[in-house]
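Where a number appears in this text, it was derived from the coordinates with a stated rule and is not lab data. The structure displayed is predicted, hence computed values, not measured ones. With ideal geometry, Cβ positions are generated from the backbone for all residues, glycine too; neighbour counts draw on all protein chains shown.
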């Protein structure tokens, strides 16, 4: 389990012991292609999903009532970070585009890392910050393009 976690740059900086402690908390789940992993509007379940292998399509409802794939995530990446951080409903529907391997961490597991493995918790926080900044910059680019076209 340590190998797939090392694919995340922030986690690769951890010692073998720290990464082993994190890996012991991660529940591995495998899902076939076309499986809906998260559904837009559903309540958050306080879980962070680490995409360890495969690809996931992220889609949302359009204002006209349609449904569109906004982007495709490839491993290594994360899902469910917004719901984990703010407890709000899912902001998008995530569907396995290929067979996927996921590592799941609950909020309780993350909280125990804070006292038992603070460097691992800090690395996960840096990972989440990097992912959220990248996604925010992507949204900013989409907004700028829309405003230029208006």
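Here are a few things to note about the model shown:
- Solvent-free Debye scattering, log10 I(q)/I(0), computed from the Cα coordinates of region 79-150 at q = 0.23 Å⁻¹: -1.18
- Its convex hull of Cα atoms gives region 65-121 a direction-averaged projected area, equal to a quarter of the hull surface, of 5.4 nm².
- Gyration tensor over the Cα atoms of region 90-132: the corresponding equivalent ellipsoid has semi-axes (square roots of 5 times the eigenvalues, largest first) of 24, 13, 10 Å.
- Kirkwood Rh and Cα Rg combined as Rg over Rh, evaluated for region 1-44: 1.11
- Cα-projected label distance for residue 1 with residue 35, points at 7 Å along beta-carbon direction, nm: 1.7 nm
- The distance between label points at residue 69 and residue 45 comes to 2.3 nm (points 7 Å beyond Cα on the Cα→Cβ vector).
- Cβ-based exposure ranking for 44, 77, 34, 20, in which fewest neighbours within 10 Å come first: 34, 20, 44, 77
- Every pair of different Cα atoms in the chain enters the Kirkwood calculation, which places the hydrodynamic radius at 16.2 Å.
- Pairwise alpha-carbon distances in region 25-88 exceed 15 Å for 57% of all pairs.
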